[in-house]
Structure formats: C-alpha cells, structure tokens
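J.: Here you go, one structure.
We did not get these values from a lab; they are worked out from the coordinates using the rules stated. What you see is a predicted model, and the numbers here were worked out from it, not measured in a lab. Positions of Cβ are generated from backbone atoms using ideal geometry, with glycine treated the same way; all protein chains shown enter the neighbour counts.
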Amino acid sequence: MAYDENNVFAKILRNEIPCDKVYEDEHVLAFKDIEPQTPTHVLVVPKGAYSSFDDFSRNAPEAEIAGFIRAAGKIARDLGLVQPGYRILANTGPDAHQEVMHFHLHLFAGKDLGRMIKPPEK
Ligand code: AMP
C-alpha cells in the first residue's frame, strides 16, 4: 500500500499537530494514545514512512528495525512496566482494524490485561 503523507501520525512527526510525547530518538517517536484503552497506553512510531508492520518488516533498513525494537523495550523499562508487565500490539490491515496507516506499536499496561484478546461481539 502506498504511504499517505497526510495520515495523522505523519502530521505529528512533522509537528503539524501536537502529541503528548513520552520518548524521542533518531528513529522513534512515542506518545500517549489520545483515547487510552488502559491506564498506560503509549504509541511507538518509527520516524520513517512505513504504512504498516508488513511494510516496515519488509522495507525498513536493519538499523531502523533494531532502533525501533530497542526503543520500544527502553520505553517500557523507563515507564517501570517490566515487573508489572505490559502488552505490545500492532494492528495490521482490515481484519485487525488498523486505522492509522503509519506503522505503530501499541504499548498497553497499568492493569491486569487478561489473556490475549477478546473475540469480537456477534
Ligand atoms: P490503530 O487502530 O492500531 O491504527 O490505532 C490507532 C490509534 O491511534 C488509536 O488507538 C487512536 O486512539 C490513536 N490516535 C489517533 N489519533 C491520535 C492522535 N492525534 N494522538 C494520539 N493518538 C491518536
């Protein structure tokens, strides 16, 4: 899928709209989700223009992938989440209801998250 430069995370990365920043480095910006699903809900976003996990895992240079994964782990450690625990999730494509077409990880924490995901309501 072609990358859409007008997606909301591209606008945040260009400082066109604000975010509640948690972390930033050469490869990554992380900020609080605007509609948190858990007490801690952080989005970890690569600075490169990748529309999805599929795009990122296929096309990103090794240094960007390594930098991204290292940053996600550091953010969780810095937020004190390793001991209580946390969940990371990347919605990819229609069945996963990916809404923003710029690759991102959700980092959920701050309560017992239950086992995996609930089935959709019928
Ligand atoms: P996804 O379904 O994985 O694409 O999730 C997109 C997430 O982005 C949702 O959890 C939204 O609440 C979140 N979101 C959308 N716009 C913003 C924004 N301006 N700042 C922070 N989070 C946002």
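J.: Can you list the residues, at least 5 places off or on another chain, whose amide H is less than 5 Å from the amide H of F103, using H built in the peptide plane?
T.: Y50, S51, S52
J.: In which sequence would L107, L89 go, from the one with the fewest C-beta neighbours within 10 Å to the one with the most?
T.: Lowest count first: L89, L107.
J.: What shape does segment 62-109 take by its C-alpha gyration tensor, where a ≥ b ≥ c are the square roots of the eigenvalues and a/c under 1.5 counts as rounded, a/b above b/c as prolate, and the rest as oblate?
T.: oblate
J.: Where a Cα-Cα gap under 22 Å defines reach, which lysines qualify for K21, not counting those fewer than 8 residues away within the same chain?
T.: Straight-line reach from K21, under 22 Å: K11, K32, K47, K74, K111.
J.: Ok, one more. In whole Hz, with x marking every Gly and Pro, tabulate ³J(HN,Hα) for segment 30-42 from phi via Karplus 6.51 cos²θ - 1.76 cosθ + 1.60, θ = phi - 60°.
T.: 10, 8, 6, 5, 5, 10, x, 9, 9, x, 10, 9, 10
J.: Would you order S57, S52 from fewest to most other beta-carbon atoms within 10 Å of each residue's own beta-carbon?
T.: Arranged by neighbour count, lowest to highest, S57, S52 become S57, S52.
J.: Please report, largest first and rounded to whole Å, the three semi-axes of the ellipsoid equivalent to segment 8-109, where each semi-axis is the square root of five times an eigenvalue of the C-alpha gyration tensor.
T.: 19, 16, 15
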